[in-house]
Amino acid sequence: MIGDTVVCAAPPLAGLRIMHVVPSLQVGGLENGVVNLVNRMDPERFRHDVVCIGQAGPMASRIEQAGVSVHAIGKGQGSDYGLAVKLAQVMRQRRPDIVHTRNWGAVDGILAARMAGVPVVIHGEHGREAADPEGRNRRRNVARRLLGRWVDRFVVVSGDLARWLAEEAGVPAGKVVRIKNGVDTEKFHPASDKSALREKLGIPPEKFVVGAVGRLDPVKDYGTLIRAAGRAGLPVPNAVGTQAGDGMLLMIAGSGPCREELEQAARAEGLGERVRFLGERADVPDLMRAFDLFVLPSVGEGMSNTILEAMASGLPVVATRVGGNPELIEEDVTGTLVPPGEPEKLAAAIRIYRDDPSRAREHGQAGRERAVEKFSLSRMVRAYEALYEGEKDWKL
C-alpha cells in the first residue's frame with residue numbers, strides 16, 4: 001500500500017505541477033534543499049508533490065506551502081523490481097508536468113515518469129556515497145548513461161559533479177545545468193551575544209568550540225575528526241603541565257548509523273568531556289552561533305549545506321578538499337582545506353584557528369560576505385523556477 005500524507009490540504013488553484021522524487025525526507029542536506037525549494041517557490045506559478053522512495057521522515061513536517069502532498073512508497077532494504085510501477089501509479093494519479101528525481105536512490109523515478117507519460121523529466125545529482133566517493137561504480141554509471149536518454153535535463157550542485165557526469169558517467173554535457181545550493185542568510189547569521197548563547201547551551205565561556213553538524217554517516221568521516229581532536233590537544237609551547245585540549249570542546253550535532261562507533265572512538269582517544277554528541281537538533285542556527293570553528297571531514301561531498309550555514313553564521317571553516325568544497329571555501333580567505341582521512345593535518349588546521357583568534361574572526365567575516373553575495377537562498381530558488389519554466393516552454 002502506498003502511503004499519502006497531505007501536509008496542508010488547501011491546494012492552489014493553478015500552476016505548473018512539479019513532482020520531487022527523493023530517497024526520503026530524513027534530516028539531510030538534499031532533503032533540506034528540497035523543503036526550502038518547495039516552501040520558497042511562487043505558489044501561484046508552481047504546485048508540488050514530494051514522493052519518498054522509503055519512508056517520509058521528519059523533514060516532511062517542515063513543509064509549509066499550502067497543498068503539498070507527501071507520498072511514501074515504503075521501500076525497504078534490497079531490490080524492489082516493482083518500484084517503478086508503484087511510482088508510475090502515483091504519477092498517473094497526480095499527473096505532474098515535471099518529475100524531478102534526485103540522486104541514485106531515486107533513479108527508478110526516471111523510468112516511472114516515462115511509463116506514466118510525464119512530459120518533462122529532470123534528474124539531480126547532489127553528492128556521492130562513502131562506498132563510491134569518486135563516483136566510479138561502473139554498473140551505476142552505465143545505468144545513468146542508459147537512463148539519461150529519458151532525462152531532459154540533469155541538475156548538479158557543483159562543477160565537480162558536472163565534470164563527473166560528463167567524464168565518468170558519459171552524460172552529454174549539453175544536458176547538464178549547474179544550480180548552486182543556497183542558504184537562508186537571515187536564519188543563519190553571526191551572533192550578537194555569543195556568551196548568552198553559550199550559557200543557554202551549557203558551554204563554558206573559556207572553551208574554544210569546534211563544531212560539526214550533519215548525519216553520522218560513513219561519508220562524513222567523523223572518525224577522522226575525533227582522531228584529529230585528540231591530536232589537536234597537544235601541549236602548548238612553553239606551557240608546562242597544561243594541555244591545549246583542556247580548553248577545547250568538540251560538539252557534533254546529528255544522528256545516524258555511526259553514532260555508537262564514534263562514541264567508542266572518542267573514548268579510545270581519551271577525549272572524555274571534551275566531545276559532546278548532541279543528537280538531532282532543532283536549534284542548529286543557535287548552535288552555529290555558539291561555535292568558534294566549523295569542521296567538515298567528509299570523504300565525498302556535492303555542495304555542503306552545512307558549510308554554507310557555517311559561512312552565513314560568520315564561522316571560519318576547515319573542510320576536506322573533496323567534491324564541491326573547494327568551490328565554497330576560499331583557501332586562506334574564508335577557511336582551510338585539508339586532504340581527507342588525515343587526522344594530523346586536520347588537527348594542525350584546527351590548532352591554527354584556536355591559536356589565532358584574529359585569523360578566525362577575519363575568515364569568518366569573509367565567509368559571511370561570500371555566503372550573502374554568492375549563495376543566497378533566493379538566488380537558488382529563482383534558478384530552479386527558471387529551469388522548470390524553461391523546460392515547460394520547450395516540451396509542453
Exercise for the section: Would you kindly identify the helices (runs of 4 or more DSSP H) lying entirely within the range 29-145 that contain at least 2 residues that are charged (D, E, K, R) and under 23 Å from T306 (Cβ atoms)? Expected result: 29-40
Fill in the blank from the handout: Going through (1) at pLDDT below 95; (2) open to solvent by less than 10 Å² (accessible area, probe 1.4 Å); (3) closer than 24 Å to R40 by Cβ; (4) not basic (K, R) one by one, G135 fails only at (3)
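Given the options E385, E391, name the one that is crowded, with 16+ Cβ neighbours inside 10 Å, within 30 Å of H20 (Cβ to Cβ) and at pLDDT below 95. Before you say what the answer is, go through the steps one by one.
Numbers: E385 fails: at pLDDT below 95.
Result: E391 is the single residue among E385, E391 that is crowded, with 16+ Cβ neighbours inside 10 Å, within 30 Å of H20 (Cβ to Cβ) and at pLDDT below 95.
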Problem - G367 being open to solvent by less than 10 Å² (accessible area, probe 1.4 Å) and more than 26 Å from D193 (Cα to Cα) - result: no
Practice task
Determine, yes or no, whether E273 is surrounded by fewer than 24 Cβ atoms within 10 Å (Cβ to Cβ) and at pLDDT 95 or above.
Solution key: no
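Looking at the range 345-370, which of the residues that are of a type in the set (A, V, I, L, M, F, W, C) and touching a Ser or Thr at 6+ places or on another chain (Cβ under 6 Å) is farthest from F188 (Cα to Cα)? Full working, then the answer.
Residues of the range 345-370 that are of a type in the set (A, V, I, L, M, F, W, C), as a first pass: 346-350, 352, 360, 366.
Pick out the ones that are also touching a Ser or Thr at 6+ places or on another chain (Cβ under 6 Å) and you get 349, 366.
Working: A349: 24, A366: 15 Å.
Within the range 345-370, the match that is farthest from F188 (Cα to Cα) is A349.
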Practice task
Take the range 290-323 and flag every residue that is within 15 Å of the chain's Cα centre (by Cα) and open to solvent by 10 Å² or more (accessible area, probe 1.4 Å).
Solution key: V299, E301, N305, T306, E309, V322, G323
Exercise for the section: Six or more apart or on different chains, Cβ under 6 Å: which pairs go from a residue in the range 333-348 that's within 15 Å of I226 (Cβ to Cβ) and small (G, A, S) to one that's part of a helix (DSSP H, G or I) and open to solvent by 20 Å² or more (accessible area, probe 1.4 Å)? Could you list them? Expected result: A347/R231
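Listed here are the residues, each with its yes/no results for (1) out of contact with any His (no Cβ under 7 Å at 6 or more places or on another chain); (2) modelled with pLDDT of 95 or more; (3) more than 30 Å from E206 (Cβ to Cβ); (4) not β-branched (V, I, T).
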position	(1), (2), (3), (4)
L293	yes, yes, no, yes
G302	no, no, yes, yes
I307	yes, yes, no, no
S313	no, yes, no, yes
P316	no, yes, no, yes
A319	yes, yes, no, yes
G323	yes, no, yes, yes
L328	yes, yes, yes, yes
E342	yes, yes, no, yes
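Go through the range 324-363 and count every residue that is part of a loop (DSSP other than H, G, I, E, B), under 25 Å from the mean Cα position of the chain (by Cα) and either at negative phi or surrounded by 17 or more Cβ atoms within 10 Å (Cβ to Cβ) (or both). Give the steps one after another, and end with the answer.
First, pick out the residues of the range 324-363 that are part of a loop (DSSP other than H, G, I, E, B): 324, 329-330, 332-334, 339-342, 356.
Now narrow it down to the ones that are under 25 Å from the mean Cα position of the chain (by Cα): 324, 329-330, 332-334, 339-342.
Next cut, either at negative phi or surrounded by 17 or more Cβ atoms within 10 Å (Cβ to Cβ) (or both) only: 324, 329-330, 333-334, 339-340, 342.
Residues meeting the conditions: 8.
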Practice task
Restrict the check to the range 96-112 and report whether at least one residue is more than 23 Å from G390 (Cα to Cα), out of contact with any Lys or Arg (no Cβ under 9 Å at 6 or more places or on another chain) and open to solvent by 60 Å² or more (accessible area, probe 1.4 Å).
Solution key: no
Exercise for the section: Mind telling me which of the residues E327, E389, E385 ends up being touching a residue at least 40 places away in the same chain (Cβ under 8 Å), touching a Gly at 6+ places or on another chain (Cβ under 7 Å) and within 23 Å of N103 (Cα to Cα)? Expected result: E327
Practice task
Could you list, in sequence order, all residues of the range 28-52 that are within 20 Å of R95 (Cα to Cα) and basic (K, R)?
Solution key: R45, R47
Completion exercise
Apart from one, (1) open to solvent by 20 Å² or more (accessible area, probe 1.4 Å); (2) under 19 Å from N325 (Cβ atoms); (3) part of a helix (DSSP H, G or I); (4) in contact with a helix residue (DSSP H, G or I) (Cβ under 8 Å, 6 or more places away or on another chain) all hold for R163; the odd one out is (4)
Exercise for the section: Report whether or not S158 is surrounded by 14 or more Cβ atoms within 10 Å (Cβ to Cβ) and farther than 19 Å from N137 by Cα. Expected result: yes
Completion exercise
Scanning the range 70-95 for residues that are among the charged types (D, E, K, R) and at pLDDT below 90, the one least open to solvent (accessible area, probe 1.4 Å) turns out to be D80
Completion exercise
All conditions in (1) open to solvent by 20 Å² or more (accessible area, probe 1.4 Å); (2) at pLDDT below 95 are true of R47 except (2)
Handout entry: Hits in the range 200-230 (condition: open to solvent by 10 Å² or more (accessible area, probe 1.4 Å), assigned to a helix (DSSP H, G or I) and under 17 Å from V322 (Cβ atoms))
Key = P218, V219, K220, G223
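The values are calculated or read from the model by the stated rules, or taken from the named source; none is laboratory data. The model shown is predicted, which means the values in this text are computed figures rather than measured ones. FYI the Cβ positions are ideal-geometry reconstructions off the backbone, even for glycines, and counts take in every protein chain you see. These area figures cover heavy atoms from the full protein model, side chains too; ligands, DNA and RNA do not enter into them. Shrake-Rupley method; radii C 1.70, N 1.55, O 1.52, S 1.80 Å.
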